[in-house]
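Take a look at the structure set out below.
Read-outs throughout are calculated quantities, based only on the coordinates presented, and are distinct from any laboratory measurement. Quick caveat: nothing in here was measured; it's all calculated off a predicted structure. Please note: Cβ atoms are built from the backbone with ideal geometry, for glycine as well, and neighbour counts cover all protein chains shown.
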């Protein structure tokens, strides 16, 4: 069996495994719930006449990608908890009675396994049909809570590979295994997906000096969810981004700075943020900037269950707070709830979450971006953002608009006094 491929003006046979490497992407970049991973085609110089990672089994092809975690994990292949192999199995079929050779009836049954788990199964038919049998990832029927998807460049490489068989496929046909949460809506599954972030943006306010863990975890979360975002590192950038883009909500990060030491840009960032009338989520350092703080005495770090909470809070919707643990890492605490806010969670008497439902401002001492199990808190916040009007909700617009940032901040604060 042969098919035509415009690759060096050559035609390749199904049995010519040596040529497969020229058609396949050299690496696949994978995003899972535990991080980003890069798997490569191993060296095909095996001395046995064919690549060990590409095998022909009559009318079936097996392709193996691997990541060298033994070397990266000090010889312990299970240290990172991530499989070392991703296998693509292709069964070559014909949609006819077999009495004649018709390339237009070529059909591929494809399955992708990651470690021991089947991650995707689909059928490709001429000229451009992809029928999804099952898949893993957000919103899927069998594993809707685990992130599994490929980076854009890897999707492009796989599409080019499949099109080398004579198909006419595009990215829209493989949204079930890309990295974006809202890109695929199963035809035969009744699931609820969040609205897409077409021309809507989340602003990440980075309160750290560098792009460290606090910022990167928020960025990774938004990447997983397919949410578009802009990054502001100071009060000037906050104002500029808000003026130039349709910002529907902000997430302010934690920081190595301390509110009790009055260092960092927390207070200055807050002044501008509070003039932007969209939902806000303030995490740890940003949360502490909302009120008066005191030093705890020693750093409290670890995963803990909340000892007191408000189940009715919209950011806790769908969470089992009796058993769920949250990630904490703090030295300062808010000594009393700010005026206009309500305490919605505590940890042994320490205020750990507050909300202002009227202004849609939420603050947590814990880091919901640290643990996949607590992503739901941020999911709920994104839902709140998407329920707000797409345009800026600013009651100071038009003839009543006040241009001075500090004056607008004072007007905002006065509402809570």
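Numerical summary
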| quantity | calculated |
| --- | --- |
| Packing-based ranking, highest mean first, of 362-371, 287-296, 31-40 given that Cβ atoms within 10 Å are counted | 362-371, 287-296, 31-40 |
| Set of the stretch 272-312 residues, backbone N closer than 13 Å to the point 7 Å along the Cα-Cβ line of residue 387 | 279, 312 |
| Scattering curve values for the stretch 246-315, log₁₀ I(q)/I(0), Debye with Cα scatterers, q = 0.14, 0.17 Å⁻¹ | -0.55, -0.79 |
| Residue order, fewest to most surrounding Cβ atoms within 10 angstrom, among 351, 159 | 159, 351 |
| Estimated FRET transfer efficiency (residue 21, residue 231; beta-carbon r; R0 41 Å; 0.05) | 0.60 |
| Label-point separation, residue 299 to residue 323 (7 Å along Cα→Cβ), nm | 3.2 nm |
| Simple label model, 7 Å out from Cα along Cβ direction - residue 245 to residue 34, nm | 3.2 nm |
| The stretch 201-414 - Rg (one decimal) and Dmax (whole number), Cα, Å | 16.1, 51 |
